[in-house]
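Step one of this worksheet: look at the structure below.
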Amino acid sequence: MPIDNPFYTPEMQGPYELHSLGRFELEDGGVIPDLQLAVATRGTLNADKSNAILIPTWFSGTHQTWDQVYIGPGRALDPEKYFIVVVNQIGNGLSTSPHNAADASIAMSRFPDVRIADDVRAQEQLLREVFGIERLALVVGGSMGAQQTWEWAVRFPDKVLRAAPIAGTAQNTPHDFLFTQTLLDAITSDPGFAGGDYASNLDVQAGLGRHADIWAVMGLSTEFWKSGFWKNIPMLNGETTEEFETFQAGFIRALFQLMDPNALLGVGWKWQRGDVARNTGGDLAAALGRITAKTFVMPIDHDMFFPVADCAAEQQLTPGSELRVLPSIAGHFGLFGFNPDYLAAVDANLAELLATPV
């Protein structure tokens, strides 16, 4: 029986459509009997289907942030020029996920392991079967969306003309794996988690709160907290605060405590194992060498999850790519678009990339 959670509704996340891909076999051997992808589209597909942009979502995120922060008339991601398809990744709470699965065989603790490659294969099938799209003008995504962007460029080089991974790597590092494990352990350590078969996300509020606390330390930079940057950022109740602990509780804790624990765990497992080298027998250089897309690699300068050095090392292995470092005192949470300089840099880079002949 699916669990109701108001966080994962159109009222909270904005409109989207569900598209069924039917039976979907996963790389690790599991099966989703009827995979439903939650998709938001903006703009109109042109006659020759050459103006399609794909955006995969990140950990805990949905299409909503892209709508609110990155997409709009006059922006690089302009729905008056492009047909923009934002696909919620498998297990994120909107697409088929542990808490909303109609089939009891994959519900809750029984949800199968899903990899980044499964998302990309599903997205390719969706674009081809539902929209008739065979080539993409651009794939762009942040964090786990960047992991999917890298996978797209490696797995389907003939289908991706341009790629822009923002704040995410092609091959996850041991350091990042361990960071992520602490996030997941914070949830499962809550007795209310009940082995993944809780009755409501409200049963796991302590674990979700500890999960949020780790994000506050690692998702945001030391400069963010030292500078008082948070004082001008509204909390979920719309108010601002002078107190950093109040901001932590009213923004980061309040946000994550709305979410489904199993959704975070499943997507986190996927994040830990993101690796395009699985396409080439473990050879990262060979995998990145397959990329033909014009690629702008865009790390965030204060990011402690996907630091610039890790992204730069992969960029150097990617033919014809460029490194474009984005400024944000908010670190990895810069993806939320807290500071105008970051948004201006993203728009400038994406506009230049989209204008580049390929």
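Suppose we keep only residues that are outside any loop (DSSP other than H, G, I, E, B) and small (Gly, Ala, Ser) within the stretch 333-358. Which one would you say is farthest from the chain's Cα centre (by Cα)?
Among residues in the stretch 333-358 that are outside any loop (DSSP other than H, G, I, E, B) and small (Gly, Ala, Ser), the one farthest from the chain's Cα centre (by Cα) is ALA355.
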Quiz prompt | Restricting the stretch 254-277 to residues that are of a type outside the set (A, V, I, L, M, F, W, C) and touching a strand residue (DSSP E or B) at 6+ places or on another chain (Cβ under 9 Å), the residue that is least open to solvent (accessible area, probe 1.4 Å) | solution = GLY274
Quiz prompt | Pair list, Cβ under 6 Å, 6 or more apart: the stretch 187-208 residue on the phi > 0 side of the Ramachandran plot, other residue buried (at least 20 other Cβ atoms within 10 Å of the Cβ) and assigned to a helix (DSSP H, G or I) | solution = GLY196/MET108; GLY196/ASN262
Quiz item: Just wondering, is there one or more residues in the stretch 321-337 that are open to solvent by 40 Å² or more (accessible area, probe 1.4 Å), among the small types (Gly, Ala, Ser) and either touching a strand residue (DSSP E or B) at 6+ places or on another chain (Cβ under 8 Å) or on the phi < 0 side of the Ramachandran plot (or both)?
Solution: no
Quiz item: Do we have LYS294 as surrounded by 16 or more Cβ atoms within 10 Å (Cβ to Cβ), farther than 26 Å from ASP197 by Cα and either in contact with a Pro (Cβ under 6 Å, 6 or more places away or on another chain) or among the basic types (Lys, Arg) (or both) here?
Solution: yes
Quiz prompt | For ALA194: the one exception among (1) over 27 Å from VAL140 (Cβ atoms); (2) open to solvent by less than 70 Å² (accessible area, probe 1.4 Å); (3) within 25 Å of the chain's Cα centre (by Cα) | solution = (3)
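Would you pick out the residues in the stretch 162-186 that are in contact (Cβ under 8 Å) with a residue 40 or more places away in the chain and open to solvent by 50 Å² or more (accessible area, probe 1.4 Å)?
GLN171, PHE177, GLN181
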Self-check item: Considering residues of the stretch 102-128 that are in contact with a Phe, Trp or Tyr (Cβ under 9 Å, 6 or more places away or on another chain) and buried (at least 24 other Cβ atoms within 10 Å of the Cβ) only, the residue nearest to PRO15 (Cα to Cα)
Solution: GLN123
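Looking at PRO157, PRO73, PRO112, PRO79, which is the one that is farther than 23 Å from PRO319 by Cβ, in contact with a Ser or Thr (Cβ under 9 Å, 6 or more places away or on another chain) and at pLDDT 95 or above?
Exactly one of PRO157, PRO73, PRO112, PRO79 is farther than 23 Å from PRO319 by Cβ, in contact with a Ser or Thr (Cβ under 9 Å, 6 or more places away or on another chain) and at pLDDT 95 or above, namely PRO79.
For (1) more than 22 Å from the chain's Cα centre (by Cα); (2) farther than 30 Å from GLY72 by Cβ; (3) of a type in the set (Ser, Thr, Tyr), each residue gets a yes or a no:
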site	(1), (2), (3)
LEU236	no, no, no
GLU242	yes, yes, no
VAL276	no, yes, no
GLY289	yes, yes, no
ALA293	no, no, no
PHE306	no, no, no
LEU323	no, no, no
SER328	no, no, yes
GLY331	no, no, no
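The values are calculated or read from the model by the stated rules, or taken from the named source; none is laboratory data. Model, not experiment: these values are computed from the prediction. Here Cβ is always computed from backbone atoms with ideal geometry, including for glycine, and neighbour counts include all displayed protein chains. Remember, those area values only see protein heavy atoms, side chains included, never the ligands or the DNA or RNA. Shrake-Rupley method; radii C 1.70, N 1.55, O 1.52, S 1.80 Å.
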